[in-house]
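Scroll down for the structure; my scribbles are underneath it.
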Amino acid sequence: MNHNAQAQHAIDLMGRVANPTPVMAASDPISNVAYFSSSAANSQALDTTDLSRNEIRKLVRQSRNCINQDEQEQLALIASRHILAEIQASNAKHVALYRANDGELATDKLIETLWQEGVTTYLPRLHPFREGQLIFLHYDKQTQLEANQFGILEPKLDVTQLMPAFKLDVILTPLVAFDIHGNRIGMGGGYYDRCLGALTPQALAFGPPAFQALTPPIAIGFAHDCQQVSHIPVEAWDIPLAMIITPTRRITP
Ligand SMILES: Nc1nc2c(c(=O)[nH]1)N(C=O)[C@@H](CNc1ccc(C(=O)N[C@@H](CCC(=O)O)C(=O)O)cc1)CN2
Ligand SMILES: Nc1ncnc2c1ncn2[C@@H]1O[C@H](COP(=O)(O)OP(=O)(O)OP(=O)(O)O)[C@@H](O)[C@H]1O
């Protein structure tokens, strides 16, 4: 991609995007973007009372896959603008993201903007031999990507590019469904559950003394509005997200 094209993306993300019309305007302290309030948002969530995790997964995956390409692009731009404001406000310098799959909110323009803003970005890769675990590798425009077993692009394995997860400032977390309390259901592999579970203050307290002084990364969910559900059946291993950003909502449980 040439320099002009990148600059165009930055303009798109920083300026061109139309704000959604809020039902209940709550002024965002970070930018002048208005969001629905979290409580108003819950009344629009899909009623998932009595549904299993697999049933919720199936329904929500279907609904996010129904969003057409044009709308996907617009929604990703709007949500990217919101998450960019969060990243800048928290002064995060090392941010893990994901490459979109299965109707997830796209992150490609967000990533290009982060590069321009001097933020270092990382992508997850399935651990080469520890099943169910993720590693994070540095990602810039030179990084070679390859598809994993699920068809998701991830950086080729290069140990010089490894980033320990506890050194990240923000982990932008993909998810299938979320609720107002920050609970999430993912694609079903338990990858992010294990990763976030190892980064809680309680987990870090079991590590060497230096780990106890660490500030764990902030896990922020990034999702379409249609991925919000009324109830998530919570399991013992679930780690709630600190924040969820959608094109119209900023949920802080
Ligand atoms: N974009 C993105 N990257 C990600 C995740 C994610 O949710 N989104 N992950 C989050 O953990 C990890 C990958 N986890 C995944 C788990 C299952 C499937 C999946 O498509 N499962 C198929 C069944 C495949 C099979 O049985 O072999 C399916 O459910 O249809 C995809 C990703 C790491 N990278
Ligand atoms: N911290 C953990 N330690 C061990 N096993 C775990 C842990 N977290 C999840 N698992 C296992 O992973 C499996 C999948 O979990 P779950 O259905 O919650 O995944 P998910 O949240 O949908 O996926 P992901 O986190 O990859 O997006 C479960 O059977 C569970 O036993």
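Where a number appears in this text, it was derived from the coordinates with a stated rule and is not lab data. As the structure is a prediction and not an experimental result, all values here were calculated from the model. Heads up, the Cβs are rebuilt from the backbone with ideal geometry, glycines too, and the neighbour counts pull from every protein chain shown.
With a Förster radius of 30 Å applied to the C-beta separation of F129 and D47, the computed FRET efficiency comes to 0.10. Each Lys or Arg adds one and each Asp or Glu takes one away; over the other residues whose Cβ falls under 15 Å from the Cβ of G103, this sums to -2.
For S63 and D108, the FRET efficiency from 1/(1 + (r/R0)^6), where r spans their Cβ atoms and R0 equals 35 Å, is about 0.95. The packing ranking, built from the mean of other Cβ atoms within 10 Å per residue, places the peptides 48-56, 226-234 in the order 226-234, 48-56, highest first.
Binning all Cα-Cα separations of region 45-251 at 5 Å, short to long from zero, yields these whole-percent fractions: 1, 7, 15, 19, 22, 18, 11, 5, 1, 0.
Length gained on full extension, K141 to H181: 10.8 nm, using 0.36 nm per residue less the C-alpha separation. Residue pairs exceeding 23 angstrom between C-alpha atoms, taken from K93/K141; K141/K167; K109/K141; K58/K109: K58/K109.
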